[in-house]
Amino acid sequence: CIDAWAGLAAISVERVKLTEAAREAAMLVEADKLHTALFNSISHELRTPLSSISGSVSTLLESGAMYNREQQTELLETIQEGASRMERIVINLLDSARLESGMLTLKKDWCDIEDLIGTTIRRFGKKNTDHIIEVDVSPDLPLIQADFVLLEQVLLNLLDNAKKYSPTDSVITIAAKQEADSIVMSVQDQGAGIPNDELVRVFDKFFRVRQDRQIPGTGLGLSICKGIVEAHRGRIWAENRPDGGTDLYISLPTCKYAPIMEAEDEAK
Ligand code: ADP
């Protein structure tokens, strides 16, 4: 009987080992899939701006003298646009790697949401000429402890997406209000929305909605936003509005003892 128990114990140890091995194998397959996705998506994404840069440079080198100043400027702008698109991809990759390795450090300070949204819109405005931006920020929001630069990056990413996935000349609304112990910010657009069963998956690394794959993108932006928001102990999610368009929400915790802005100003 003791032999039988020992036999059973040995079998269950073997089973555990097998399950662990299967889990490790599944993780390796998943990692391999992610690497393939990375190579496919990044090489595809880099090829487009790279070929527009090299095309414009060749034209300028070979026959630049034949073009007038305006045409030359147009070619230089194409080069600049391509270079900044490549720069964005590289920054996204670095951010993603930093988040994954736990190397992202937050430089937290008291943050004024109105200032954060104003600064973000000014930066976004420089590259946006084809959408109408509306702002709806509740007055007297409390200051929060956050990394201003990283939150600006999150909002810029959401605005970039709203611009990319909604029709030209439509309205993008950026809003902020207090709800219980949180500040809830949102970026709302009038685009086609996200299929309901993919509202959660859009935050996965490299995930892109099938019908959007013609539009430039890497599928990294929202996963980085999620990493940054969660590092602030916040939450990010997407919702479709019944009348059309997508709302991207961020909720960030407020602090019980936040300083009051006016008092600070008076003290200065
Ligand atoms: P990228 O835009 O580079 O593809 P993101 O991670 O920012 O990567 O977004 C992932 C996917 O989520 C996008 O490819 C797109 O399919 C979808 N998506 C993101 N924002 C919106 C939006 N505002 N409206 C519709 N679809 C969106």
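The values are calculated or read from the model by the stated rules, or taken from the named source; none is laboratory data. As the structure is a computational prediction, the values presented were derived from the model and not from experiment. All Cβ positions, glycine included, derive from the backbone under ideal geometry; neighbour counts span all protein chains shown.
Of everything in region 176-214, what is within 7 Å of the ligand (Cβ to nearest atom) and more than 30 Å from Pro139 (Cα to Cα)? Give them in sequence order. Spell out the reasoning first.
First, the residues of region 176-214 that are within 7 Å of the ligand (Cβ to nearest atom): 189, 191-194, 202, 207-209, 212.
Across region 176-214, the qualifying residues are Ala192, Ile194, Val202, Phe207, Arg208, Val209, Asp212.
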For region 227-240, state whether one or more residues are near the ligand (Cβ under 8 Å from one of its atoms), within 17 Å of the chain's Cα centre (by Cα), touching a residue at least 40 places away in the same chain (Cβ under 8 Å) and crowded, with 18+ Cβ neighbours inside 10 Å.
yes
Could we say that Gly55 is more than 30 Å from Leu252 (Cα to Cα), at pLDDT 85 or above and under 21 Å from the mean Cα position of the chain (by Cα) here?
no
Condition first: over 23 Å from Leu151 (Cβ atoms) and part of a loop (DSSP other than H, G, I, E, B). Can you find one or more residues in region 217-237 that meet it?
no
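Can Lys177 be described as within 17 Å of the chain's Cα centre (by Cα) and over 16 Å from Gly244 (Cα atoms)?
On the way: within 17 Å of the chain's Cα centre (by Cα): no; over 16 Å from Gly244 (Cα atoms): yes.
Criteria not met by Lys177.
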Selection count where residues are under 12 Å from the mean Cα position of the chain (by Cα) and more than 28 Å from Lys108 (Cα to Cα), scope region 209-226:
2
Condition met for Leu99 (touching a Gly at 6+ places or on another chain (Cβ under 7 Å), within 25 Å of Ile228 (Cβ to Cβ) and in a helix (DSSP H, G or I))
yes
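Given Lys107, Lys127, Lys164, which one is over 27 Å from Asn240 (Cβ atoms) and out of contact with any strand residue (DSSP E or B) (no Cβ under 7 Å at 6 or more places or on another chain)? Let's see the steps before the verdict.
On the way: Lys127 fails: over 27 Å from Asn240 (Cβ atoms); Lys164 fails: over 27 Å from Asn240 (Cβ atoms).
Answer to the selection: Lys107.
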Any idea which of Leu28, Leu94 is modelled with pLDDT of 85 or more, hydrophobic (A, V, I, L, M, F, W, C) and either surrounded by fewer than 14 Cβ atoms within 10 Å (Cβ to Cβ) or under 30 Å from Leu143 (Cβ atoms) (or both)?
Leu94
Residues that are free of Cβ contacts under 8 Å to residues at least 40 places away in the same chain, surrounded by fewer than 17 Cβ atoms within 10 Å (Cβ to Cβ), more than 30 Å from Tyr257 (Cβ to Cβ) and polar (S, T, N, Q): does region 154-168 have at least one?
yes
Residues (at pLDDT 80 or above and of a type in the set (D, E, K, R)) located in region 15-25:
Glu20, Arg23, Glu24
Region 160-192 - residue that is in contact with a His (Cβ under 8 Å, 6 or more places away or on another chain) and of a type in the set (A, V, I, L, M) and, of those, farthest from Asn92 (Cα to Cα)
Val171
Candidates Ser41, Ser58, Ser54, Ser84 - the one that is assigned to a helix (DSSP H, G or I), surrounded by 10 or more Cβ atoms within 10 Å (Cβ to Cβ) and touching a residue at least 60 places away in the same chain (Cβ under 8 Å)
Ser41
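For region 102-175, please list each of the strands (runs of 3 or more DSSP E) lying entirely inside it that holds at least 1 residues being in contact with a helix residue (DSSP H, G or I) (Cβ under 6 Å, 6 or more places away or on another chain), within 25 Å of Glu230 (Cβ to Cβ) and more than 16 Å from the ligand (Cβ to nearest atom). Explain how you work it out, then say what you get.
Working: elements: 109-111, 132-137, 144-146.
Of the strands (runs of 3 or more DSSP E) lying wholly inside region 102-175, those with at least 1 residues that are in contact with a helix residue (DSSP H, G or I) (Cβ under 6 Å, 6 or more places away or on another chain), within 25 Å of Glu230 (Cβ to Cβ) and more than 16 Å from the ligand (Cβ to nearest atom) span 109-111, 132-137.
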